[in-house]
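Visitor: Provided herewith is a single structure, encoded as structure tokens, for subsequent inquiry.
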Amino acid sequence: QTGSANTNPSDSADDEYITNVSIGTPAQVLPLDFDTGSSDLWVFSSETPKSSASGHVTYSPSKSSTAKKLSGASWSITYGDHSSSSGDVYTDKVTVGGFSVSSQAVESATKVSTQFVQDTVISGLLGLGFDVGNTVKPRAQKTWFSNAANSLAQPLFTADLKHQQTGSYNFGFIDTTLAKGPIGYTPADGSEGYWGFTATGYSVGGAKLNRNSITGIADTGTTLLLLDDDVVNAYYNNVESAQYDDSQQGVVFDCSEDLPSFSFGVGGTTITIPGSLINLTPVSDGSSTCFGGLQSSADIGINIFGDVALKAALVVFDLGNERLGWAQK
Ligand SMILES: Cc1ccc(-c2noc([C@H]3C[C@@H](O)CN3)n2)cc1F
């Protein structure tokens, strides 16, 4: 068995990717943010304060004949940008891309932080990280993919995120036609809950890869490519107008710049992010100053290969072999 779901950028800056998920009987369809950097499936619900839920599609367990309260269970999560949510837990049927898990922990939000309240295009997150990262207490719950893995043709999923176009999350199979190059595989470290890996080197503007390894995570829930300052500086030293903008909290440059590409080695292959994908968006509507898709990870303490990097590749999240595959697109 397999599953295949379309995913769409939430806005003109590809800030997030939205994937529709069916929950309950009859199906309640919610737009969720699939996040390989976390391991909770949580939703805006009938239990979310009305003022917070305004404008969001919500899940009502009371309207689902297959919903069951997970007695005594609660959850609470904080994301990299300090946004947070918490609540209680139901189990219900959850279908993604035509594949159903009959009893999935659906975490219902009784509290959500302002970032989520304001982000009305999504109704929650579907974590695709490792189960060890799940926050439900007193007993951690499995992710949707973990519950599905043993019934899928292969215990893996792929992410094919695109700039301003519809992409896909495929479960249980690899559609190699989505890639232009071979898939390079490298071990994945799931011990912290996310998909950790090491790139073997990098280069700017098509130069030869150096041998400076970069250890980080493959995170569909993060918009940017966040790397060490020395890498970020090596890149923007090639961009005449680049400068750090305090108010924007990042490097900005003239939108007219012809940005160099950024490449990294992984699993014996090279992934090249075209410069165009590193020009993320004008800092404000109509501005001729643009915000960089590559920024510093110094304040986070971990390197994050977010959507800016993932958009250049077909990425295989192979749970069965605890490995990540990257193929140029
Ligand atoms: C409003 C909002 C805030 C944060 C996030 C969010 N989702 O995934 C992540 C990254 C960071 C790390 O926590 C795990 N993956 N961040 C989504 C939102 F819609």
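The values are calculated or read from the model by the stated rules, or taken from the named source; none is laboratory data. These figures come from a predicted structure and were not determined experimentally. Positions of Cβ are generated from backbone atoms using ideal geometry, with glycine treated the same way; all protein chains shown enter the neighbour counts. Side chains are part of the model used for accessible areas, which takes the heavy atoms of the whole protein and leaves out ligands, DNA and RNA. Shrake-Rupley method; radii C 1.70, N 1.55, O 1.52, S 1.80 Å.
Visitor: How many angstrom separate the Cα center of region 17-88 from the Cα center of region 277-311?
Guide: Measuring centre to centre over Cα atoms gives 28 Å.
Visitor: Continuing with the same structure: Could you work out the local net charge near T270, counting Lys and Arg as +1, Asp and Glu as -1, over the other residues with Cβ closer than 15 Å to its Cβ?
Guide: +4
Visitor: Further, regarding this structure: Before I look further, what does region 1-153 give for accessible area per residue, probe 1.4 Å, in whole square angstrom?
Guide: That works out to 41 Å² per residue.
Visitor: Further, regarding this structure: Classify region 75-198: rounded, prolate or oblate, from the alpha-carbon gyration tensor (a ≥ b ≥ c, eigenvalue square roots; a/c under 1.5 rounded; otherwise prolate if a/b is larger than b/c)?
Guide: Cα axes put region 75-198 in the prolate bin.
Visitor: Evaluate the distance, in nm, between pseudo-label points positioned 7 Å from the Cα of Q249 and of S65 along their respective Cα→Cβ axes.
Guide: Computed distance between label sites Q249 and S65 equals 4.7 nm.
Visitor: Which length gain, in nm to one decimal place, applies between S102 and D189 when the Cα-Cα distance is subtracted from 0.36 nm times their residue separation?
Guide: So the extension gain works out to 28.5 nm.
Visitor: Obtain the nm distance between the two label points defined at D175 and Q118 by a simple spin-label model: each point lies 7 Å from its Cα along the Cα-to-C-beta direction.
Guide: 3.5
Visitor: To the nearest whole percent, what portion of all C-alpha pairs in region 151-238 is separated by more than 21 angstrom? Walk me through the numbers on the way to the answer.
Guide: Values: 1784 of 3828 pairs.
Tail of the P(r) past 21 Å holds 47 percent of the pairs.
Visitor: Can you tell me how region 54-101 classifies by the Cα gyration tensor, rounded, prolate or oblate, using a/c under 1.5 as the rounded cut?
Guide: The shape class here is prolate.
Visitor: Still on this structure, please answer the following. Volume per residue, Å³, of the convex hull around the alpha-carbon atoms of the chain?
Guide: Output value, Cα hull per residue: 126 Å³.
Visitor: Apply the a/c threshold of 1.5 to the C-alpha gyration tensor of region 102-169 and tell me whether it is rounded, prolate or oblate.
Guide: Taking the square roots of the gyration eigenvalues as a ≥ b ≥ c, region 102-169 is oblate.
Visitor: Please work out the Cα center distance from region 233-260 to region 154-225, rounded to the nearest Å.
Guide: 24
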